[in-house]
1. Return only the number of the condition from (1) within 28 Å of the chain's Cα centre (by Cα); (2) assigned by TED's automatic domain parsing to the domain that holds LYS358 that VAL222 does not satisfy.
2. I need the full set of residues from the range 162-184 which are in a loop (DSSP other than H, G, I, E, B) and surrounded by 15 or more Cβ atoms within 10 Å (Cβ to Cβ), in order please.
3. Tell me, please, whether a residue that is of a type in the set (Asp, Glu) and within 23 Å of ASP361 (Cβ to Cβ) can be found in the range 291-301.
4. Report whether or not GLY367 is outside any helix (DSSP H, G or I) and touching a residue at least 24 places away in the same chain (Cβ under 8 Å).
5. With the condition kept exactly as written, say whether any residue in the range 147-156 is among the β-branched types (Val, Ile, Thr), crowded, with 24+ Cβ neighbours inside 10 Å and either out of contact with any helix residue (DSSP H, G or I) (no Cβ under 7 Å at 6 or more places or on another chain) or under 20 Å from TYR355 (Cα atoms) (or both).
6. Considering each residue of the range 378-389, count those that are buried (at least 19 other Cβ atoms within 10 Å of the Cβ) and part of a helix (DSSP H, G or I), and give that number.
7. All but one of (1) under 17 Å from the mean Cα position of the chain (by Cα); (2) in a loop (DSSP other than H, G, I, E, B); (3) touching a residue at least 40 places away in the same chain (Cβ under 8 Å); (4) farther than 26 Å from TRP403 by Cα hold for ARG146, so report the exception by its number.
8. Among ILE384, ILE333, ILE373, which is within 23 Å of ASN57 (Cα to Cα) and either of a type in the set (Val, Ile, Thr) or touching a Pro at 6+ places or on another chain (Cβ under 8 Å) (or both)?
Amino acid sequence: MDRRESIVEKSIVETIACRPASRLIKRPRCAIMSSMIMGLIETARAGIYAGWIGFENLGDEAMYGICRERFPSVSWSTSYQLSYRPDGAQWLRRGATDARHLVREFAAELRHLPRLRKLAAQGRHGLVKLLGGEVGLLGGGTLINRAPWNLTTYLDLRKKTRSLVPIFGSGVASPEFWSSRPEWKDTRKEWVSALAELPIAGVRGPHSLAFLREAGAENVVVSGDPAIAFHSRYRNPPAWVRPDRPLRVGINTGDCSGNLWGRPDNIQRSLVALAQWLQEQKHQVELLPVWSKDLDPCQQVARIAGLPESTVSAPLTTHDKFLKKVETFDLLIAVKLHAAVLASAANVPCVVLEYQPKCLDFAASIGWERFTIRTSQLTPDQLIDKTALLVEQLAPARQELCWSVGRLERKFDEYCRRIEPLLLGKGAAGYQASLSRTAAGCGV
């Protein structure tokens, strides 16, 4: 359980579900109720976060973590948690025909309490909603213009909460990339219409900004990817000095679900060649998957490149695990977007492989396009040359990266201050007051 979860959820889940019955009995009921009530009082709003949460995907979970950290007075639940409805009869019917499934589900419930956590989240959300009302937030990730149901979710959230629903650094799907998919439809004009009532709407990068401006948006700004806020742990680092040892180089690749520029085998071939070149240069190489489905592609690269199994990390599915690992590296070659975002937040320079336009969108937000390669244009020689260039410029590159990421982090923080009144129920008037305070603080 995330250490930043509210007092209420800890009371419901940990006290009732996680602690031995003997301890629960010994604890006075008034103490349990008191901690729950205090938690409710301390939260101002019940918040619904719309995003792809609960699937152990590094980027989505990291952005949700920033949401909860940045707006702690809102008691957050995900739309996925709130949509859960237990169906015991269906569970038992499935178990009658597949006893192993029943045993697996029961064991999973005992270990992780997924259903109980969802029910606890629903209970907490309902109680806080009664006390302070309900607000929504469209999370990070490429949610705008990507799939029709994302727009439906946003409009339903607006209707349900009866309040403005801010945007949390969401990305905008590229028509050039997604138009080749038969199920895709360009809904930018519909999104512009839905977002027009917001005083400000922050998106991931300059390409997302341009996509919406092409459709007529006037209130959109670049706020940055929310995960860039983890740079706060790495501000003002000491000057980097090239170590008197082989460089530690991380390679990240993974499952792209068939949605990528070019072909997966092109990425694999280039990464294998790079890993072999790095070994010839006496550098240390480690493969870093950031999702359970990324493990097999990482293992394949290691095996073909002749690397031992020990060079493949276990999947780094939380931001704490990933940051703790990546901060020990000198540079990273990244396929997955949030491997690059979090490494950049930790001042670790990357060669970014643009498997989808969202990667270039982020790179452009920190001025890192020159170390980005589109995977449809990727060759082993090109990747080796780009990596060799970064190795040669590593010291100034780290300094430049820290400066540009710091600038984007400050921009994201300012954006969060601007939308906070919308989440605390103060509406447009509160937003204008917040804007005036920001201008006064900047001497405007």
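1. Answer for VAL222: the failing condition is (2).
2. Listed by number, the residues that qualify are SER163, LEU164, VAL165, PRO166, ALA173, SER174, TRP184.
3. Checked the range 291-301: at least one residue is of a type in the set (Asp, Glu) and within 23 Å of ASP361 (Cβ to Cβ).
4. Spelling it out, GLY367 is indeed outside any helix (DSSP H, G or I) and touching a residue at least 24 places away in the same chain (Cβ under 8 Å).
5. no
6. Matching residues across the range 378-389 total 3.
7. The failed condition is (3).
8. ILE333
The values are calculated or read from the model by the stated rules, or taken from the named source; none is laboratory data. Note that this is a predicted model, so its numbers are computed, not measured. Don't worry about glycine lacking a Cβ; one is built from the backbone with ideal geometry, like all the others, and counts go over all protein chains shown.
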